[in-house]
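Read through the structure below, which is laid out as structure tokens, and then see the notes.
The values are calculated or read from the model by the stated rules, or taken from the named source; none is laboratory data. Because the structure is a prediction, the values reported are computed rather than measured. Here Cβ is always computed from backbone atoms with ideal geometry, including for glycine, and neighbour counts include all displayed protein chains. Note: areas computed on protein heavy atoms with side chains; ligands, DNA, RNA excluded. Shrake-Rupley method; radii C 1.70, N 1.55, O 1.52, S 1.80 Å.
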Amino acid sequence: MGKYIVRKSGPLRGEVTISGAKNAVLPIMAAALLSDEECTINDAPALLDVDILCQLLESLGASVDKDLSSNIVKINAEKIMTSEASSKLVKQMRASILVMGPLLARTGRAVIPLPGGCAIGDRPVELHFKGLRALGAEIKVSMTGIVKAHVDKLRGAEIYLDFPSVGATENIMMAASMAEGITIIENAAQEPEIVDLANFMNKMGAKIKGSGTDTIKIEGVKHLHGCQHTVIPDRIEAGTFMLAAAITRGSILLKNVEVDHVKPVIAKLKECGVDIVILEDGSMVVKGDSRPLTSTDIKTLPYPGFPTDLQSPFMALLTTVSGNSAVIETVFENRYMYVKELQKMGAKIKTQDRAATIKGAKKLKGAKVIATDLRAGAAMVLAGLVAEGETEVSEVHHIERGYEHFVEKIRALGGDIEKVDD
Ligand code: UD1
């Protein structure tokens, strides 16, 4: 599987081009199941998660033509041979649950193992079920954790989500797009990835309005056709490189970044003293070398709040700035697993329930640490770039699930990182 060796590096400098968004491409690929014609997805990042979903779609009968060296994935789900998702693949990626809505819409049936808990909390899926049941699906979960869903005819409904779940909003949107009548999702997730999915599906002929707000209206149609779509830039990868500039007190030019999508990160980094300049062509310069950086407080929230996926990389930065900071995680119940890894590097962090306090200005030192999850892995790499000596990050397959060419991109900016065999 490999591990990363990260050594103390100088300030990162240069430019980086942000890849297509992992969290946008996955639902879009699942939505390609809704059509019996070919869909072409551009800017699909070469990631482990994209690979796994390609395999899952193929196992359902879709033909998938993946050229990740040019970031193009073509999916043709003319024939769906089975509605049963392989447990081996589903277990490797939680987002596999996203095939449930499209399978119900296309075949009236979906059998899928329950994607279990993970390192950042329990991550239940009852809101997905609540929405699909409201559309008429009968859903049963067996003692062994297999979800069996079927429906004769999906019918539009009004659905209120108790929490604006990203995945539930996406699953319901996909099922509702081919239901009879109108569906309204209230308290819907407003993430940019939801808007990208809606834009993709509207190109397929779906009638979705209001994505990006808390109320989404979907008028069901009988048939969706193939289309071409380019995935939005990854705002979490962009945020990670913004933080790389800040933590190393460097200066990085980010290309292919959607400035509106990273507003909360811009705001918080500015509070720390980072300079951010938006250029005329939309690219962004992030300068961590203008003045000494100071503390700030972070509270993670659904979009447009501060993204939970950047909580751990931001925590790494906060250990290095002067003053004390506070972090509150409101989206996931258990997203501080990685803190003990940063503590191994000398970070002074205390956690209680969903709150963390960070004593800044710590000189981090290299250590053997584990990438406990995808974003925590990125946090370890950022910390390793400024820690004295050498940091060994293991379980990097988590990082490779979500960051395209991570090692190469950091090296191009002057970071001392290499991948070695275990
Ligand atoms: C997506 C992202 C993930 C990000 C998260 C929150 C993808 C592939 N993944 O995950 O990177 O961290 O959004 O921004 O897009 N919940 C329930 N019941 C449900 C569904 C969710 O209680 O039925 C809870 C979860 O346990 C969690 C919170 O809602 O505490 C957020 O989950 P959700 O928005 O659904 O995240 P995902 O779609 O899984």
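A few comments on the model shown:
- Comparing A316, L269, T300 along the charge dipole axis of the range 224-340, the residue lying farthest to the positive side is A316, per the Cβ-charge model.
- Equivalent ellipsoid semi-axes - Cα gyration tensor, the range 150-251, angstrom: 32, 16, 10
- The coefficient of translational diffusion for the chain, derived via Stokes-Einstein from the alpha carbon Kirkwood radius under 37 °C and 0.692 mPa s, stands at 150 µm²/s.
- Cα-centre dipole for the range 254-297 with unit charges at Cβ (Lys and Arg positive, Asp and Glu negative), debye to 20: 140
- Using only alpha-carbon positions in the range 328-422, the gyration tensor eigenvalues give semi-axes of 23, 17, 11 Å once each is multiplied by 5 and square-rooted (largest first).
- Filter on K268/K368; K287/K363; K8/K363; K263/K287; K209/K255 - keep pairs with C-alpha separation over 18 Å: K268/K368; K287/K363; K209/K255
- Alpha-carbon centroid distance for the pair the range 6-62 / the range 345-422, whole angstrom: 23
- Compared with the dominant principal axis of the Cα atoms in the chain, helix 22-31 is inclined by about 10°.
- Around the Cα centre of the chain, unit charges on the Cβ atoms of Lys, Arg, Asp and Glu (plus for the first two, minus for the last two) sum to a dipole of about 1100 debye.
- Using alpha carbons only: equivalent-ellipsoid semi-axes of the range 59-146, gyration tensor based, whole Å: 24, 18, 12
- C-alpha long axis of helix 192-203 to longest principal axis of the chain, angle in °: 30
- Rg over Rh, two decimals, the range 198-274 (C-alpha only, Kirkwood Rh): 1.16
- Dipole magnitude of the range 1-58 about its Cα centre (Cβ charges: Lys, Arg +1; Asp, Glu -1), debye to nearest 20: 820
- The helix-only estimate of mean residue ellipticity at 222 nm for the chain, built from DSSP H runs of length n ≥ 4 each weighted as -39500 (n - 2.57), is -9000 deg cm²/dmol after division by the residue total.
- Cα-based convex hull, the range 73-198, per residue volume (Å³, whole number): 124
- Lys/Arg +1, Asp/Glu -1 at C-beta; the range 26-161 dipole; positive extreme among V141, I41, L103: V141
- Stokes-Einstein diffusion of the range 359-415 at 25 °C, 0.890 mPa s viscosity, Kirkwood radius from Cα pairs, rounded to a whole number: 209 µm²/s.
- Convex hull volume of the range 1-126 per residue (C-alpha atoms, cubic angstrom): 139
- Per-atom-type breakdown for the chain gives carbon and sulfur 49% of the accessible area (1.4 Å probe, protein chains only).
- Computed on the chain, with alpha-carbon pairs under 8 angstrom and 6+ residues apart, the relative contact order is 21 percent.
- For GluC sites (Glu not before Pro), the sites in the range 1-106 that DSSP calls loop and that have at most 13 other Cβ atoms within 10 Å are E78.
- Within the range 200-348, the percentage of alpha carbon pairs spaced more than 25 angstrom apart rounds to 40%.
- Kirkwood hydrodynamic radius over Cα pairs of the range 43-105, then Stokes diffusion coefficient at 37 °C and 0.692 mPa s, in µm²/s: 273
- Ordering T391, T320 by accessible surface, largest first, gives T320, T391; the 1.4 Å probe counts only protein heavy atoms, with every chain in place.
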